[in-house]
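Visitor: Quick one: structure below, then a few questions.
The values are calculated or read from the model by the stated rules, or taken from the named source; none is laboratory data. Since the structure is predicted, the reported quantities are computational estimates derived from the model, not experimental observations. Cβ: placed from backbone, ideal geometry, glycine included. Neighbour counts: every protein chain shown.
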Amino acid sequence: MLERSVEEWDVVVVGAGPAGLRAARTATLGGARTLVLEKADAVGVPVRTSGGSFIAELEKLGVPARLYHPISRIRFVGPRSEAVYGYDQPVTCVLDVRGLYQHLAQEAIAAGVTVRLKARVEAPLRENGKIVGVRFRDGLSGQVREVRAHLVVDASGHAALVAQRAGVHPGFRSVGYGAELDLFAPEFDEREAVLFVGSGVAPRGYAWAFPYGGSRVRLGVGVTRPHTELDPRAYLEPVAKRLPSLRGASPVEVHAGLVPATAPGTVPLVADGLLVVGDAAGQVSSLVGEGIRYVMRAGDLAGAIAAQAVRAQDASSSFLERYAQAWQREFGRNLRLAHAVHERMVSYDDAAWEERLPLLRAIPPKPFARLLSGDFSPGLLLELGTRHPRLMATAGQLMAARVGRRAEEAFGGVNPSEPMP
């Protein structure tokens with residue numbers, strides 16, 4: 001029979017992804033003794049994301065430039081036509097995903113966080129309805145251990161392991177499922193990222209080719225369940241054939257992953273003794289399935305509240321709710337709009353995409369990148385409305401959804417429930 005041991009910490013974080021590591025570091029800097037439990041053999045392995053992101057946001061988060069590859073051109077390819085956006089000063093990038101995760105681990109450890117690998121959490125510990133720790137299996141020693149803590153941070157990814165097993169998380173009804181080849185592709189233009197839409201490459205989703213330096217390119221296809229049950233792996237070869245620059249390319253790694261495709265507020269972010277953060281909390285943009293910068297910021301917010309809870313000796317859901325409120329204030333509105341746009345996009349057939357390509361070409365490069373980043377600020381929407389009559393209608397509808405009835409009236413009675421042009 002395996003020995004069972006118990007230890008105590010202020011904060012236990014389940015998952016060593018960007019959300020968990022940032023939460024752990026911030027909590028520790030706030031004075032909390034913090035332990036991170038990670039089931040994998042290494043931080044950042046396997047890679048489960050394409051790594052597309054935005055330079056200005058990464059700079060705000062303190063991500064070193066050596067960990068991302070700048071992109072000077074974005075090509076948006078439809079079934080029969082395309083839109084191209086060039087940037088003298090790159091605004092988008094592709095991350096060295098494994099490098100970033102390990103950098104975040106090093107920062108956390110330097111701050112005083114303890115990280116344990118091959119530590120598979122099996123269940124939360126509960127007393128009087130409150131989460132007071134977790135039980136995990138230590139893959140190095142073979143022991144089953146119990147860790148008691150003032151509070152637990154669930155950063156376990158889309159599975160939301162702790163929150164679901166505690167009965168406070170319903171699970172995600174809609175998820176993005178992505179399959180990806182990490183290629184060595186010496187002929188690919190490393191300045192350009194390519195996005196594909198259409199039934200021949202990504203029904204109910206999109207495909208991508210993202211270079212990240214050193215002649216490496218992530219070629220992927222993502223679809224949304226339950227909108228389709230098609231397997232994205234079947235579309236990797238058709239996408240590759242659309243890119244002559246992938247001649248002579250061959251895979252070095254194969255990746256796959258799931259990401260929540262849900263609107264903010266769909267799942268709870270707090271319970272007594274528990275904070276839920278990152279993919280476990282659905283804190284990603286449904287628009288293009290992009291989330292690393294969002295979950296890093298969410299980790300900062302969660303870690304700060306965790307440290308406050310430890311100092312106050314109050315891990316009640318009412319105290320922890322200030323984390324959920326801070327998240328909603330900062331990101332809720334734009335992420336709700338991103339999800340609404342995503343839900344429309346997954347319904348488009350090839351004819352609908354071709355009808356919309358001229359609208360996309362009417363958008364200048366910088367506003368396009370801002371939209372891609374999930375920025376639906378009023379100033380940007382007003383700017384877009386001046387570019388094209390149909391963009392005016394779309395901008396008006398987004399504005400109405402963003403700020404309510406007064407905006408709807410200002411834009412001539414646009415009804416947010418009607419399909420966007």
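Visitor: Condition test on Q102, is it exposed (fewer than 15 other Cβ atoms within 10 Å of the Cβ) and either outside any strand (DSSP E or B) or touching a residue at least 40 places away in the same chain (Cβ under 8 Å) (or both)?
Guide: No.
Visitor: Please state which one of E187, E180 is on the phi < 0 side of the Ramachandran plot and buried (at least 19 other Cβ atoms within 10 Å of the Cβ).
Guide: Answer to the check: E180.
Visitor: Which one is modelled with the lowest pLDDT, of the residues in the stretch 302-353 that are aliphatic (A, V, I, L, M) and assigned to a loop (DSSP other than H, G, I, E, B)?
Guide: Among those that are aliphatic (A, V, I, L, M) and assigned to a loop (DSSP other than H, G, I, E, B), it is V346.
Visitor: I need every pair where a residue in the stretch 314-332 that is free of Cβ contacts under 8 Å to residues at least 12 places away in the same chain has its Cβ under 7 Å from the Cβ of a residue that is buried (at least 17 other Cβ atoms within 10 Å of the Cβ) and of a type in the set (K, R), sequence separation at least 6 or different chains.
Guide: none
Visitor: Return yes when V13 is within 15 Å of G278 (Cα to Cα), touching a residue at least 12 places away in the same chain (Cβ under 8 Å) and β-branched (V, I, T) and no when it is not.
Guide: Yes: the conditions hold for V13.
Visitor: Only one residue in R48, R80, R25 is surrounded by fewer than 23 Cβ atoms within 10 Å (Cβ to Cβ), of a type in the set (K, R) and either in contact with an Asp or Glu (Cβ under 8 Å, 6 or more places away or on another chain) or outside any loop (DSSP other than H, G, I, E, B) (or both), so which one is that?
Guide: R80
Visitor: Also, quick follow-up: Just to be sure I understand, how many residues within the stretch 236-252 are touching an Asp or Glu at 6+ places or on another chain (Cβ under 9 Å) and either exposed (fewer than 14 other Cβ atoms within 10 Å of the Cβ) or of a type in the set (V, I, T) (or both)?
Guide: Of the residues in the stretch 236-252, 4 are touching an Asp or Glu at 6+ places or on another chain (Cβ under 9 Å) and either exposed (fewer than 14 other Cβ atoms within 10 Å of the Cβ) or of a type in the set (V, I, T) (or both).
Visitor: Take the stretch 217-235 and flag every residue that is in contact with a strand residue (DSSP E or B) (Cβ under 6 Å, 6 or more places away or on another chain) and surrounded by fewer than 20 Cβ atoms within 10 Å (Cβ to Cβ).
Guide: R225, H227, T228, L230, R233
Visitor: Identify, please: which residue in the stretch 231-257 is charged (D, E, K, R) and in a helix (DSSP H, G or I) and is, among those, farthest from the chain's Cα centre (by Cα)?
Guide: K241
Visitor: Just for the stretch 144-177: of the residues that are over 25 Å from A306 (Cβ atoms) and hydroxyl-bearing (S, T, Y), which one is surrounded by the most Cβ atoms within 10 Å (Cβ to Cβ)?
Guide: Y177
Visitor: For the stretch 351-371, enumerate the residues that are closer than 12 Å to V77 by Cα, touching a helix residue (DSSP H, G or I) at 6+ places or on another chain (Cβ under 8 Å) and among the charged types (D, E, K, R).
Guide: Residues satisfying the conditions do not exist here.
Visitor: Can V223 be described as touching a Gly at 6+ places or on another chain (Cβ under 6 Å), modelled with pLDDT under 95 and not in a loop (DSSP other than H, G, I, E, B)?
Guide: In short, yes.
Visitor: Name every residue in the stretch 280-301 that is in a helix (DSSP H, G or I) and out of contact with any strand residue (DSSP E or B) (no Cβ under 7 Å at 6 or more places or on another chain), in order of residue number.
Guide: A281, V295, M296, R297, A298, G299, D300, L301
Visitor: For A307, indicate whether it is of a type outside the set (K, R), touching a helix residue (DSSP H, G or I) at 6+ places or on another chain (Cβ under 6 Å) and surrounded by fewer than 24 Cβ atoms within 10 Å (Cβ to Cβ).
Guide: Spelling it out, A307 is indeed of a type outside the set (K, R), touching a helix residue (DSSP H, G or I) at 6+ places or on another chain (Cβ under 6 Å) and surrounded by fewer than 24 Cβ atoms within 10 Å (Cβ to Cβ).
Visitor: Right, something else. Conditions first: (1) in contact with a helix residue (DSSP H, G or I) (Cβ under 9 Å, 6 or more places away or on another chain); (2) under 24 Å from R75 (Cα atoms). L243 passes all but one, so which condition is the exception?
Guide: (1)
Visitor: Next question. Hey, among A32, A42, which residue is assigned to a loop (DSSP other than H, G, I, E, B) and under 19 Å from A119 (Cα atoms)?
Guide: Of the residues listed, the single one that is assigned to a loop (DSSP other than H, G, I, E, B) and under 19 Å from A119 (Cα atoms) is A42.
Visitor: Further, regarding this structure: Would you confirm, using the coordinates I've provided, whether P264 is touching a Leu at 6+ places or on another chain (Cβ under 8 Å) and in a loop (DSSP other than H, G, I, E, B)?
Guide: yes
Visitor: If only one of T28, T92 is polar (S, T, N, Q) and touching a Phe, Trp or Tyr at 6+ places or on another chain (Cβ under 8 Å), which one is it?
Guide: T92
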